[in-house]
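See structure below.
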Amino acid sequence: MDEALLTRSALVSRVLPFSCVDGPGNRLVLFLQGCNFRCPGCHNPHTIGLCDDCGDCLAVCPSGALTMSEGKVHWQEALCTDCDACLEACPRSANPKTRQMSVAEVLALLRRYGPLLTGITVSGGEATTQLPFVIALFTAIKAAPDLARLTCLLDSNGSLGETGWQRLLPVLDGAMIDLKGWREPVHLALTGRGRERVLASLRWLAAHDRLAEVRLLLVPGRSDFLDATGALEEALTTFLLSLGPVPIRLNGFRHHGVRGEALSWPEAGSADLMVLANALKAKGFGSVMLPAI
């Protein structure tokens, strides 16, 4: 295998060896650091920013796991108690506990847990902000005889342009895309970005049989998937039907991990999600998945 492929690296926030909620089956999940959206209701706000080595986190670390050397913050995993005080103190929504991981290191993890895995999901943050690594990783997995059976999925906000998706296409088994608001003002308020690239990504992935899942985020009082009568918005219905028979997963807004203004937003309960699920089913969408609450 090409050595340059194996040495390509990414800034990783967290590795989850086993997950059954990040795609079908049992998956290893790689959470990459950095996101180009600014969602006020983000459940993982510490994955948004990049550390600028300001040092604010050092004083709040109770175990001495964070030190400053040559102007850089260094994390000693062996001393860390995962209290996450550093994450709360960071003014940039960053994570001082990140690490650079190479493709070769990820392949080693997959081989370690491989017999128990269905595949790998690369998430974030926003995984496509480190696109060359994702392409190299998926290419290496597909080229390895002992790993090629694993499916390669991407969990994304849909902001990647068509050229990027074209580069990923040969090694991507599917992408799970979030649609956090329907009308432009609502999407802008919930993500800090416009919706056009997200809609374009959904169309392109569906046309190339790579759209594994559309994820709708329900924020009571702020989401606009339903009209005043409680029915699914007609324009949204038309758009979703144009994508073909794609599974739709509903996610309800929760306070877990959230900071700032969104802590005052109401949480989405089972009843809220069922209203949206029933509205989708009434329009003919058969595969609608609900989260476990």
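The values are calculated or read from the model by the stated rules, or taken from the named source; none is laboratory data. Since we're looking at a predicted model, the values are computed, not measured. FYI the Cβ positions are ideal-geometry reconstructions off the backbone, even for glycines, and counts take in every protein chain you see. Note: areas computed on protein heavy atoms with side chains; ligands, DNA, RNA excluded. Shrake-Rupley method; radii C 1.70, N 1.55, O 1.52, S 1.80 Å.
Summary table below
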item: Residue in segment 260-268 that is in a helix (DSSP H, G or I), more than 21 Å from His187 (Cα to Cα) and small (Gly, Ala, Ser) present; result: no
item: Pair list, Cβ < 7 Å and 6+ apart or interchain, from segment 10-26 residues that are open to solvent by less than 50 Å² (accessible area, probe 1.4 Å) to residues that are among the basic types (Lys, Arg); result: Val12/Arg99; Ser19/Arg27
item: Residue within segment 20-30 that is touching a Leu at 6+ places or on another chain (Cβ under 9 Å) and among the acidic types (Asp, Glu) present; result: yes
item: Residues located in segment 70-90, provided they are under 19 Å from Leu32 (Cα atoms) and either of a type in the set (A, V, I, L, M) or crowded, with 18+ Cβ neighbours inside 10 Å (or both); result: Val73, Trp75, Cys86, Leu87, Cys90
item: Failed condition for Pro40, given (1) open to solvent by less than 80 Å² (accessible area, probe 1.4 Å); (2) assigned to a loop (DSSP other than H, G, I, E, B); (3) within 30 Å of Arg249 (Cα to Cα); (4) without any contact (Cβ under 8 Å) to a residue 60 or more places away in the chain; result: (4)
item: Index of the failed condition, Gly34 passing every other in (1) open to solvent by 20 Å² or more (accessible area, probe 1.4 Å); (2) part of a loop (DSSP other than H, G, I, E, B); result: (1)
item: Candidate set: segment 103-119, residues that are open to solvent by less than 20 Å² (accessible area, probe 1.4 Å) and in contact with a helix residue (DSSP H, G or I) (Cβ under 8 Å, 6 or more places away or on another chain); chosen: the one farthest from Ala4 (Cα to Cα); result: Leu117
item: Residues located in segment 91-132, provided they are assigned to a helix (DSSP H, G or I), among the small types (Gly, Ala, Ser) and in contact with a strand residue (DSSP E or B) (Cβ under 7 Å, 6 or more places away or on another chain); result: Ala127
item: Selected residue [open to solvent by less than 50 Å² (accessible area, probe 1.4 Å) and either of a type outside the set (D, E, K, R) or under 16 Å from the mean Cα position of the chain (by Cα) (or both)] from Leu188, Leu202; result: Leu202
item: Every residue from segment 1-15 that is of a type in the set (Asp, Glu) and more than 10 Å from Thr139 (Cβ to Cβ); result: Glu3
item: Cys51 vs. criteria touching a Pro at 6+ places or on another chain (Cβ under 7 Å) and in a loop (DSSP other than H, G, I, E, B); result: yes
item: Cβ-Cβ under 6 Å pairs, at least 6 apart or on other chains, segment 136-150 side without any contact (Cβ under 8 Å) to a residue 40 or more places away in the chain and loosely packed, with under 15 Cβ neighbours inside 10 Å, far side outside any loop (DSSP other than H, G, I, E, B) and not hydrophobic (A, V, I, L, M, F, W, C); result: Ala148/Lys142
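Residues are listed down the side, and each one gets a yes or a no for (1) surrounded by 17 or more Cβ atoms within 10 Å (Cβ to Cβ); (2) of a type in the set (A, V, I, L, M, F, W, C); (3) without any contact (Cβ under 8 Å) to a residue 40 or more places away in the chain; (4) farther than 30 Å from Arg193 by Cβ:
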| site | (1), (2), (3), (4) |
| --- | --- |
| Met68 | no, yes, yes, yes |
| Arg92 | no, no, no, no |
| Asn95 | yes, no, no, no |
| Thr121 | yes, no, no, no |
